[in-house]
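Chemist: Here it is, the structure, as C-alpha cells.
The values are calculated or read from the model by the stated rules, or taken from the named source; none is laboratory data. These numbers come from a predicted model, not from an experiment. Cβ sites come from the backbone with ideal geometry, for glycine too, and all protein chains shown count toward neighbours.
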Amino acid sequence: MAEVFNQIAGKDDHLAGVTLTTGSAGTLASGDYLKKLFPMMKIVASEALHCPTLLNNGFGEHRIEGIGDKHIPWIHNVKNTDVVVAVDDDIPMNLIRLFNEPAGLDFLREQGVTEEFLDKLPLMGISGIANIVTAIKFAKYFELTKQDVIMTICTDSMEMYRSRLSELTRELGEYSRETAIKDYHRYLMALTIDHLSELTYYQKKRIHNLKYYTWVEQQHMDPRELDAQWYDAEYWSSIENQVGEIDKLIEQFNQQTGLLKKM
C-alpha cells in the first residue's frame, strides 16, 4: 500500500487513512507500518453491525463472511486504532447483487460507469465491499477532499460467493432494474456516518480489555503480556523486529509440508 500510494499520489495528496475489516488482525496490522511512514493518517477498523464487538462488546450473528466476531485478536494493536466502523449486513449483501447481476450492471452503465470498471467489480467479495463501504463512511465523517487518499484492500472476490447470489435470488426473487435502482441509492449513494466512533483513550482501552476473556481465561495467555501490549511502548516494535525469524520458521514449515514442491 505504501508503494502504491507513492506511485499514485500527487504533490498535494496525503494519506488520510487505511480502512480494513478485522478478522485475525493480520491485515489490520499493516496500519501500524503505514502510520510510521505517514504519522497523521488514521487506522480504521470495521466490523459487522449485527455483531458489534468493537462498538458494543460483541453479540449476535452476521453475514459478512471472512471477518471476525465476538473476540479481539491477540495481535490487534488496539491502542493504535483511531476509528471503529460497523457495517450493516444488508449493505454488502445487496451490493454484491448490484455489482454482479445483469440488471445491476445495466443500471450502472446508465449511470456512466465504464466497462473497464464494471469488469473489475467481481474483484470485490462480501468483506471487500465492506472495506469499501467503510472507506466511504470514513471519508464522509472527516469531510475528506480529493487530496485525501484512503487505502483499503479487496480481501476477497466474488469467485468465493457465486452460491450466495443464487441463495439471494431464491430468497428475494430475480434481480430487476427496480431493485438495482433501490440498492444503488439506498446502499451506495445514501451511505451515512452512522455506527462510527472516533476512539478516545478509554474507548480504546475498553476494546483492548475484551482480550482478557478470550485469551487469558480461555487460551491461558499471560495477563502480564496483555498489560505489556497496552503499557509497554516497546512491545509492538519488538514483535516487528522478529519478522526475519518468523519468515524462516514459515519457510521451514512449508518445506516440511511439501507445499512448495507441489506448487
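Chemist: Would you please name the residue that is nearest to L165 (Cα to Cα), looking only at residues in the range 100-119 that are touching a residue at least 24 places away in the same chain (Cβ under 8 Å) and touching a Lys or Arg at 6+ places or on another chain (Cβ under 9 Å)?
Modeler: Only one residue fits best here, namely N100.
Chemist: I've got another one for you. In the range 65-87, what residues are buried (at least 20 other Cβ atoms within 10 Å of the Cβ) and more than 16 Å from A25 (Cβ to Cβ)?
Modeler: The answer is A86, V87.
Chemist: Of all residues in the range 32-55 being under 16 Å from T81 (Cβ atoms) and more than 17 Å from the chain's Cα centre (by Cα), which is surrounded by the most Cβ atoms within 10 Å (Cβ to Cβ)? First the steps, then the outcome.
Modeler: In the first step, residues of the range 32-55 are kept if they are under 16 Å from T81 (Cβ atoms); the result is 32-36, 38-47, 52-55.
From what is left, the residues that are more than 17 Å from the chain's Cα centre (by Cα) are 36, 38-40.
Details: K36: 11, F38: 18, P39: 7, M40: 9.
Here the answer is F38.
Chemist: Give the residues of the range 198-246 that are small (G, A, S) and closer than 17 Å to I72 by Cα, sorted by residue number. If you could, list the steps in order and put the result at the bottom.
Modeler: First, pick out the residues of the range 198-246 that are small (G, A, S): 228, 233, 237-238, 244.
Within the range 198-246, just A228 meets the criteria.
Chemist: Residue pairs, Cβ under 6 Å, 6 or more apart or interchain, first in the range 136-160 and in contact (Cβ under 8 Å) with a residue 12 or more places away in the chain and among the acidic types (D, E), second crowded, with 18+ Cβ neighbours inside 10 Å and part of a helix (DSSP H, G or I). List them.
Modeler: Between residues of the range 136-160 that are in contact (Cβ under 8 Å) with a residue 12 or more places away in the chain and among the acidic types (D, E) and residues that are crowded, with 18+ Cβ neighbours inside 10 Å and part of a helix (DSSP H, G or I), the close pairs are D156/S127; D156/G128.
Residues checked against (1) surrounded by 10 or more Cβ atoms within 10 Å (Cβ to Cβ); (2) at pLDDT below 95:
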{"residue": "S157", "(1), (2)": "yes, yes"}
{"residue": "T200", "(1), (2)": "no, no"}
{"residue": "Q203", "(1), (2)": "yes, no"}
{"residue": "I207", "(1), (2)": "yes, no"}
{"residue": "Y231", "(1), (2)": "no, no"}
{"residue": "G244", "(1), (2)": "no, yes"}
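Chemist: Then there's this: Under 9 Å between Cβ atoms, at least 6 apart or on separate chains: pull out the pairs that start in the range 240-255 with a residue that is under 17 Å from G26 (Cα atoms) and in contact (Cβ under 8 Å) with a residue 24 or more places away in the chain and end on any residue that is surrounded by 10 or more Cβ atoms within 10 Å (Cβ to Cβ) and aromatic (F, W, Y).
Modeler: Cβ pairs passing all conditions: E240/Y33.
Chemist: Something else about it: Quick one: count up the residues across the range 214-229 that are touching a helix residue (DSSP H, G or I) at 6+ places or on another chain (Cβ under 9 Å) and surrounded by 11 or more Cβ atoms within 10 Å (Cβ to Cβ). Let's see the steps before the verdict.
Modeler: In the first step, residues of the range 214-229 are kept if they are touching a helix residue (DSSP H, G or I) at 6+ places or on another chain (Cβ under 9 Å); the result is 215-216, 221-223, 225-226, 228-229.
Now narrow it down to the ones that are surrounded by 11 or more Cβ atoms within 10 Å (Cβ to Cβ): 215-216, 221, 223, 225-226, 228-229.
Going through the range 214-229 one residue at a time, the tally reaches 8.
Chemist: Do we have K182 as under 22 Å from the mean Cα position of the chain (by Cα) and under 30 Å from I64 (Cβ atoms) here? Talk me through it step by step, then tell me what you get.
Modeler: Values: under 22 Å from the mean Cα position of the chain (by Cα): no; under 30 Å from I64 (Cβ atoms): yes.
Against the criterion (under 22 Å from the mean Cα position of the chain (by Cα) and under 30 Å from I64 (Cβ atoms)), K182 does not qualify.
Chemist: Where in the range 69-141 are there helices (runs of 4 or more DSSP H), lying wholly inside it, with at least 1 residues that are within 30 Å of M221 (Cα to Cα) and of a type in the set (G, A, S)?
Modeler: By residue number, 126-141.
Chemist: Return yes or no: is R97 farther than 21 Å from L199 by Cβ and surrounded by fewer than 16 Cβ atoms within 10 Å (Cβ to Cβ)? Talk me through it step by step, then tell me what you get.
Modeler: Numbers: farther than 21 Å from L199 by Cβ: yes; surrounded by fewer than 16 Cβ atoms within 10 Å (Cβ to Cβ): no.
So R97 does not fit the description; no.
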